[in-house]
1. Please determine, by comparing only the residues of the stretch A:8-17 that are farther than 12 Å from A:Ile307 by Cβ and aliphatic (A, V, I, L, M), which one is least open to solvent (accessible area, probe 1.4 Å).
2. For the stretch A:294-337, what are the residues that are of a type in the set (Val, Ile, Thr) and more than 25 Å from A:Val93 (Cα to Cα)?
3. So which pairs qualify, if the first residue must be in the stretch A:313-337 and hydroxyl-bearing (Ser, Thr, Tyr), the second must be open to solvent by less than 80 Å² (accessible area, probe 1.4 Å) and part of a loop (DSSP other than H, G, I, E, B), the Cβ gap must be under 6 Å, and the two must be at least 6 apart or on different chains?
4. Can we say B:Asn277 is in a helix (DSSP H, G or I) and either at pLDDT 75 or above or hydrophobic (A, V, I, L, M, F, W, C) (or both)?
5. For the stretch A:175-219, what are the residues that are among the aliphatic types (A, V, I, L, M) and either free of Cβ contacts under 8 Å to residues at least 24 places away in the same chain or more than 14 Å from A:Leu153 (Cα to Cα) (or both)?
6. Being open to solvent by less than 10 Å² (accessible area, probe 1.4 Å) and more than 16 Å from the chain's Cα centre (by Cα) is the filter; apply it to the stretch B:123-154 and report the residue that is nearest to B:Glu320 (Cα to Cα).
Number of protein chains: 2
Amino acid sequence: MKIVVDAFGGDNAPLEVVEGAVLAVNKDKELTVVLTGDKDKIEKILNGRQERIEIVDAKEIISNNDSPTLAIRQKKDSSLVRAFDILKENNDVVGLVSAGSTGAVLTGAILKIGRIKGISRPALCPILPTVKPDKTVMICDSGANVDCKSEHLLHFAIMASAYSSIMSGDKNPKVALLNNGAEEHKGNELTKETYPLMQKLPINFVGNIEAREVMSGEVDVIVTDGFAGNILLKSVEGVASGMSKLIHKEAKKNIFAMIGAVMMGKFKGLKEKMDINKYGGAPFLGCKKLVVKTHGSANREIICNTIMQVVKLYENKLNEQIEKLVLEMSENDEVKA
Amino acid sequence: MKIVVDAFGGDNAPLEVVEGAVLAVNKDKELTVVLTGDKDKIEKILNGRQERIEIVDAKEIISNNDSPTLAIRQKKDSSLVRAFDILKENNDVVGLVSAGSTGAVLTGAILKIGRIKGISRPALCPILPTVKPDKTVMICDSGANVDCKSEHLLHFAIMASAYSSIMSGDKNPKVALLNNGAEEHKGNELTKETYPLMQKLPINFVGNIEAREVMSGEVDVIVTDGFAGNILLKSVEGVASGMSKLIHKEAKKNIFAMIGAVMMGKFKGLKEKMDINKYGGAPFLGCKKLVVKTHGSANREIICNTIMQVVKLYENKLNEQIEKLVLEMSENDEVKA
């Protein structure tokens with residue numbers, strides 16, 4: 001099994017990406033990683049550690065400042081476009097990992113790899129921590145599709161349910177619809193139309209969830225259009241970082257607060273809990289092949305975790321499950337949106 | 001000047017509401033508060049302190065479990081409906097305060113009081129703290145209108161700009177559009193259509209803002225449809241409460257963490273900063289008369305602050321300013337949505 005990794009995507013590329021690939025092949029002896037990017041630089045980092053690591057040379061880099069569509073079309077010798085070409089052209093390459101521009105990864109996946117039959121809109125599905133120990137929650141879609149119809153939300157639901165089930169081992173993950181109220185009659189036009197249809201899907205739909213309950217750990221998957229999903233995810237990020245800044249500022253004001261702030265450093269469990277990235281990356285669900293975007297600031301451990309995540313999703317046949325579910329859905333007249 | 005207060009709305013009614021009214025009339029010697037609700041119970045709490053406090057008897061109570069529309073139509077002897085009747089029928093009553101059901105307050109405002117000419121959709125506009133000292137940010141709309149068109153967002157922008165200006169004293173508050181990216185071309189259909197129109201409004205429009213920047217203190221007003229606004233506000237609430245719970249749990253695990261948690265209690269400034277309610281309540285902007293919803297768990301200080309907020313908005317002619325701005329907007333062909 002081979003996985004292709006964009007060695008020049010992300011803030012810590014190429015060093016941390018290359019080291020993450022080395023960690024991954026050491027962890028899984030069946031795995032080969034193909035690294036794309038400047039061959040000389042990659043070889044220098046590898047310094048001979050090339051067992052089950054292949055390199056495909058690519059001289060260009062796509063940055064967050066590039067227009068995604070233009071970059072994918074024009075930067076043909078970029079590490080990301082080369083990675084997509086390798087994913088597309090080789091049957092034994094089962095997935096792609098990149099810490100680069102989210103927009104470029106999504107655009108590349110659509111243009112180069114394409115969608116699973118029946119899925120009109122692939123969706124990005126990151127993981128958030130919750131207040132319950134070892135419990136996480138997945139948000140689908142988190143921003144790939146800002147204008148959605150009911151049908152799209154239904155697809156997000158079945159894809160993320162299958163994904164959650166593989167990651168957690170829970171065969172019946174709880175799926176909820178993000179809404180402005182818990183009651184069935186609440187919502188905007190989109191969620192009100194989607195609710196009754198979602199009840200008929202072959203998943204464990206548990207109803208609406210309000211944004212304040214996102215971290216409660218009560219559900220496994222939260223389905224939303226990408227605009228609201230983006231607002232949700234970024235406000236979680238913003239508040240967590242805002243609270244940290246406030247704590248830091250207060251800490252300078254008096255000795256009690258200073259001690260308190262030092263003690264905060266001891267909250268290892270908390271820090272780890274809030275570190276979403278240890279779970280790997282966010283898969284772009286609904287692509288013909290596995291594509292996982294990991295955080296731009298990913299270090300070698302996170303890169304390794306993300307590669308291992310692709311292995312897990314491939315071995316558990318995520319895409320075959322999605323294909324089967326969407327076929328079932330299309331044959332069920334009750335869930336026609 | 002008179003302000004009517006629903007004495008039986010909220011979790012701490014009637015005690016804290018009545019005590020809040022007493023605080024307010026003691027603070028402002030020109031002010032009379034009209035309390036609606038069970039007269040005997042209110043008089044018992046007042047215990048003779050009735051200078052500039054009037055009571056209008058009402059035997060029913062509207063709860064969060066009531067359907068807002070049915071409750072406003074049928075519970076004619078409820079403290080809230082009586083309060084709206086008084087607001088409607090008396091020229092010297094300039095505003096209404098309630099800590100009761102948000103849905104019922106919004107419905108009552110629309111059905112009993114009506115909209116300012118030219119404003120198609122009144123909007124709820126709560127305040128959030130930011131990481132900057134003494135700087136807050138207003139979110140408009142936070143949930144009253146879950147399906148919006150561009151025109152509605154433009155109205156939200158001018159109303160909240162006028163409101164922010166009165167509250168902060170800053171004549172030129174910075175108004176931003178909540179979006180899934182900072183760049184002008186980003187957004188869903190609604191925000192992409194709204195952006196260029198908002199540039200032509202007679203306000204200080206500073207462009208898009210991402211949800212992660214909400215607490216940055218860089219802008220004064222964030223304009224959004226009520227669905228995304230609800231997601232934003234509730235996720236802020238959820239993360240803040242989730243982080244507190246996590247800290248508390250961790251605190252039980254080891255002595256360092258325990259001391260840390262105790263020290264957290266010393267972070268008075270922080271606690272106050274995160275306590276949104278000290279600023280008062282959320283006005284329902286665009287109603288013919290001032291209607292302010294305050295938090296269900298409001299104590300006497302918050303009730304008092306909310307009453308004083310109505311005084312301030314009335315004295316600074318918020319509604320006249322909104323009328324003037326919406327007239328200007330309607331005469332400007334460039335901002336036709």
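1. Taking the stretch A:8-17 first, the residues farther than 12 Å from A:Ile307 by Cβ are A:8-16.
Then drop every residue that is not aliphatic (A, V, I, L, M), which leaves A:13, A:15.
On the way: A:Ala13: 30, A:Leu15: 81 Å².
The residue in question is A:Ala13.
2. Taking the stretch A:294-337 first, the residues of a type in the set (Val, Ile, Thr) are A:294, A:302-303, A:306-307, A:310-311, A:322, A:326, A:335.
The one that is of a type in the set (Val, Ile, Thr) and more than 25 Å from A:Val93 (Cα to Cα): A:Val335.
3. So the pair list comes out as A:Ser330/A:Gly118.
4. On the way: in a helix (DSSP H, G or I): yes; either at pLDDT 75 or above or hydrophobic (A, V, I, L, M, F, W, C) (or both): no.
Considered against the rule, which asks whether it is in a helix (DSSP H, G or I) and either at pLDDT 75 or above or hydrophobic (A, V, I, L, M, F, W, C) (or both), B:Asn277 comes out as no.
5. Here is the first cut: in the stretch A:175-219, the residues among the aliphatic types (A, V, I, L, M) are A:175-178, A:182, A:190, A:197-198, A:201, A:203, A:206, A:209, A:211, A:214-215, A:219.
A:Ala182, A:Val206, A:Ile209, A:Ala211, A:Val214, A:Met215, A:Val219 - these are the residues of the stretch A:175-219 that are among the aliphatic types (A, V, I, L, M) and either free of Cβ contacts under 8 Å to residues at least 24 places away in the same chain or more than 14 Å from A:Leu153 (Cα to Cα) (or both).
6. The qualifying residue nearest to B:Glu320 (Cα to Cα) is B:Leu154.
A quick yes/no check of all residues on (1) under 15 Å from A:Val17 (Cα atoms); (2) out of contact with any His (no Cβ under 8 Å at 6 or more places or on another chain); (3) basic (Lys, Arg):
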{"residue": "A:Val34", "(1), (2), (3)": "yes, yes, no"}
{"residue": "A:Gly37", "(1), (2), (3)": "yes, yes, no"}
{"residue": "A:Ile42", "(1), (2), (3)": "yes, yes, no"}
{"residue": "A:Asn64", "(1), (2), (3)": "no, yes, no"}
{"residue": "A:Arg73", "(1), (2), (3)": "no, yes, yes"}
{"residue": "A:Val97", "(1), (2), (3)": "yes, yes, no"}
{"residue": "A:Ala104", "(1), (2), (3)": "no, yes, no"}
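Condition check ((1) outside the structural domain of B:Gln74 (by TED's automatic domain parsing); (2) in contact with a Leu (Cβ under 6 Å, 6 or more places away or on another chain); (3) of a type in the set (Lys, Arg)) across all residues:
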site	(1), (2), (3)
B:Leu87	no, yes, no
B:Val97	no, no, no
B:Thr102	no, no, no
B:Pro126	yes, no, no
B:Pro133	yes, no, no
B:Cys148	yes, no, no
B:Ala160	yes, no, no
B:Asp170	yes, no, no
B:Glu183	yes, no, no
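The values are calculated or read from the model by the stated rules, or taken from the named source; none is laboratory data. Given the structure is predicted, the values throughout are model-derived calculations rather than measurements. Glycine gets a Cβ as well: all are built from the backbone with ideal geometry, and neighbour counts include every protein chain shown. The area values use the complete protein model at the heavy-atom level, side chains included, leaving out ligands, DNA and RNA. Shrake-Rupley method; radii C 1.70, N 1.55, O 1.52, S 1.80 Å.
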